[in-house]
């Protein structure tokens, strides 16, 4: 499993004994998008920095990642700081930085996370998985574009594909797809954080128009604990994404991720820049 | 207008010329909730600290506030730092702290924000306001509980009131209500951030059971710019909130805020702790 491209992409070396929570990593060519790595892998790196911190309490329940600039090739530093530890919750701030070429470090990503020791309580899934064909009944999607990160996921699109004709004729922004790592890999919190960001920009679908777009901020809430993630294993997840409003350069996108068995594992929201 | 309780609650004094972006404030008795101020006023304080920073670029588009501990009575320090400034976006981190009683400061809230210089683009509201009676057709809600912050808002509940009988019989978590400041006050970004958090915990409605609950993290996306806020003025906003999943101590809550004219001003999401 440690030879999986996802695990290689998340490799972090401790920066040194005097800097607890500070890690050195490198941006992953295997997850390269257009001008930097796929944003999901950066979100996963934030989760990984928290997961590996020796003082961590509990498991992630909330994550917000702000993409301040495109991550460049080469090394980066990520710092995870537990700013407040309570009896059953812990609050984290994170910064990821790279050399700015002028001898200083520049912030590329800022994030916050909350981890918690969960207890069993009354529970209810109020967002049932929509009825869709099973993964085996949907053809794998081969993407025409040669983006490296797309090769790291097996996606089976149920509805809302990238438009094949950019004719300005769209009217809806809903995509549903089955997704898992390629090759398959047991689900964990970093992988779930990454998969919450696999949806292409809703503005392309809604307008059937190919405009520049990129995530500015994403928040993911983890409803699953590690036991539920282990039950999901290497199985497909059903992902759904939809925009709610497009206004003067920014739109939001709300997403849901279910296990194939129908458990809502995560809900996610993002604010996305778009041009024109 | 500066005598409005909301403006008084948001009063911030610069901490000193050597500490740009650091402000001194005090928690507001006028917005007191059960064990600290209403969370919305703390979120508004974060927005205010950004709005007043001399280096601010543009207007808020995204805000995440993590409630690390209950804010106590008395003074606090809030620090807003622009960690990255691009051509048209700016990324902020914020910390709010109070003396911990042992000679040090303890983090009570961490936050991130993104501000942006918006440009006019193709826009679309894909989440129309639900059909509801006008504010004048709905009776103002007088709350039986004596929480001070509830007196600072005029709320007219369209559906999904706090259960009158705690009989464990709930089956839905949807609330819709008209809301505005009491007395009325022109809408701005801090006020909108606060109003995104006026909904009582969904778990009470869903279960008709009164369990301890409190927001852990809230993210609000601002679709409106200051021009649209000015158009809304002192008018009522329609707020809607609904839970998506309850699982082992935490549930999420998704919210929408429209102007009375039907513009989607903000979308918001929060993760909430609950007991039992």
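Whether any residue in segment B:121-130 is in contact with a helix residue (DSSP H, G or I) (Cβ under 6 Å, 6 or more places away or on another chain) and modelled with pLDDT of 95 or more is what I want to check.
The answer is no; no qualifying residue exists.
Go through (1) closer than 19 Å to residue A:44 by Cα; (2) facing chain B (nearest Cβ under 10 Å); (3) touching a residue at least 60 places away in the same chain (Cβ under 8 Å) and name the single condition residue A:274 misses.
(1)
Residues that are within 28 Å of residue B:66 (Cα to Cα) and more than 14 Å from every other protein chain (Cβ to nearest Cβ): which strands (runs of 3 or more DSSP E) entirely in segment B:89-192 hold 3 or more of them?
Those strands (runs of 3 or more DSSP E) span B:153-159, B:175-181.
Could you check, for segment A:209-219, whether at least one of its residues is assigned to a helix (DSSP H, G or I), within 14 Å of chain B (Cβ to nearest Cβ) and either surrounded by 17 or more Cβ atoms within 10 Å (Cβ to Cβ) or without any contact (Cβ under 8 Å) to a residue 60 or more places away in the chain (or both)? Before the answer, list the steps.
The initial filter retains those residues of segment A:209-219 that are assigned to a helix (DSSP H, G or I), namely none.
No, because not a single residue in segment A:209-219 is assigned to a helix (DSSP H, G or I), within 14 Å of chain B (Cβ to nearest Cβ) and either surrounded by 17 or more Cβ atoms within 10 Å (Cβ to Cβ) or without any contact (Cβ under 8 Å) to a residue 60 or more places away in the chain (or both).
Condition (residue is crowded, with 24+ Cβ neighbours inside 10 Å and at the interface with chain A (Cβ under 8 Å from one of its Cβ atoms)) applied to segment B:198-208: is it met by at least one residue?
Checked segment B:198-208: no residue is crowded, with 24+ Cβ neighbours inside 10 Å and at the interface with chain A (Cβ under 8 Å from one of its Cβ atoms).
For residue A:57, all conditions in the list (1) under 26 Å from residue B:106 (Cα atoms); (2) in a loop (DSSP other than H, G, I, E, B); (3) away from chain B (no Cβ under 14 Å) hold save one; what is the number of the exception?
Here residue A:57 meets the rest and fails (3).
Hey, residue A:24 hits all of (1) touching a strand residue (DSSP E or B) at 6+ places or on another chain (Cβ under 8 Å); (2) under 23 Å from residue B:269 (Cβ atoms) but one; which does it fall short on?
Here residue A:24 clears every test but (2).
Looking at (1) surrounded by fewer than 19 Cβ atoms within 10 Å (Cβ to Cβ); (2) at the interface with another protein chain (Cβ under 9 Å from one of its Cβ atoms); (3) modelled with pLDDT of 95 or more, find the lone condition where residue B:64 falls short.
Residue B:64 satisfies every listed condition except (1).
Taking segment A:33-52 as the region of interest, how many residues are buried (at least 20 other Cβ atoms within 10 Å of the Cβ) and not in a helix (DSSP H, G or I)?
2
Tally up the residues in segment A:243-271 that are touching a residue at least 24 places away in the same chain (Cβ under 8 Å), facing chain B (nearest Cβ under 8 Å) and assigned to a strand (DSSP E or B), please. Give the steps one after another, and end with the answer.
Within segment A:243-271, the subset touching a residue at least 24 places away in the same chain (Cβ under 8 Å) is A:243, A:246, A:249-251, A:253, A:255-271.
Now narrow it down to the ones that are facing chain B (nearest Cβ under 8 Å): A:243, A:246, A:249-250, A:256, A:264, A:267, A:269, A:271.
Then drop every residue that is not assigned to a strand (DSSP E or B), which leaves A:243, A:246, A:250, A:256, A:264, A:267, A:269, A:271.
Qualifying residue count for the region: 8.
The values are calculated or read from the model by the stated rules, or taken from the named source; none is laboratory data. None of these values were measured; they are calculated from a predicted model. A quick note on method: Cβ atoms are made from the backbone with ideal geometry, for glycine too, and the neighbour counts reach across all protein chains shown.
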